[in-house]
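The values are calculated or read from the model by the stated rules, or taken from the named source; none is laboratory data. Only a predicted model underlies this, so the values are computations on that prediction, with no experimental measurement involved. Cβ placement follows ideal geometry from the backbone for every residue including glycine, while neighbour counts extend to all protein chains displayed.
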Amino acid sequence: MNRTEKQAFVDDFREKLQEAPVLYLTDFSGLDVKSMTLLRQQLKASGAEYLVVKNRLVKLAVADVDMPDISEALLGPTGVVLGYGGVVEPAKVVSDFAKEHDDKPVFKLGILDKKVVSAVEIQRLAELPPREQLLAELAGALEAPMAALVSALEGKVQEMAGLLDALREQKEGGGAESPEAEAESPVAEAESPDAEAEPPDPENEN
């Protein structure tokens, strides 16, 4: 790799770092070309990329990038996993691949949200369910409470509709004369003749 090629790698790698939200450093010692090709294919299917890099060039590429110092992990054979999709998927791919290939490759460290994560923490991420499964479980967890909420709202709407009907009937019946008022009318009429009767004539009494 001549000087021009080295600079091209540095520039390209720096650009990839800006695009990838997750980076895992691995030690691929003991893996043959066939195994490496298979690992690349599996990572590509998960939305990630696997690069075999020269440590010195990676150090140059990250020198001007806002990220933690990873120089302590840039020793020995280094394969870089750049995840452009989820965080769990590439970690799971490498972990599952290692189980079938004598624990190779091995995680060195990772960078998530500009923070260093250890190999142990990456392994924990690999044990989490895939993104699609998590979303399905979340949707299922929300479905039951949401159904209960809809049912409760429907009950309140029906209750409000019944109340409005009752108020409407009461308002429509307010213009009619009440039975009590009708019952009092004859009494008032019966009392009227006595009140309007003329006093007796004294001459007639004699």
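Numbers below:
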| read-out | value |
| --- | --- |
| Filtered residue count, the range 106-129, keeping only those that are touching a helix residue (DSSP H, G or I) at 6+ places or on another chain (Cβ under 6 Å) and either over 19 Å from GLY47 (Cα atoms) or assigned to a loop (DSSP other than H, G, I, E, B) (or both) | 3 |
| Candidate set: the range 12-53, residues that are charged (D, E, K, R) and touching a residue at least 40 places away in the same chain (Cβ under 8 Å); chosen: the one farthest from SER95 (Cα to Cα) | ARG14 |
| Filtered residue count, the range 80-105, keeping only those that are in a loop (DSSP other than H, G, I, E, B) and either β-branched (Val, Ile, Thr) or not assigned by TED's automatic domain parsing to the domain that holds PHE9 (or both) | 1 |
| Where ARG40 falls short, out of the listed (1) under 17 Å from PRO105 (Cα atoms); (2) modelled with pLDDT under 95 | (2) |
| Which numbered condition GLU89 fails, given (1) surrounded by 19 or more Cβ atoms within 10 Å (Cβ to Cβ); (2) modelled with pLDDT of 95 or more; (3) acidic (Asp, Glu) | (2) |
| Search result, residues across the range 17-36 that are under 17 Å from LYS59 (Cα atoms) and out of contact with any Phe, Trp or Tyr (no Cβ under 9 Å at 6 or more places or on another chain) | LEU17, GLN18, LEU23 |
| Qualifying residue in the range 39-47 (condition: loosely packed, with under 12 Cβ neighbours inside 10 Å and among the hydroxyl-bearing types (Ser, Thr, Tyr)) | no |
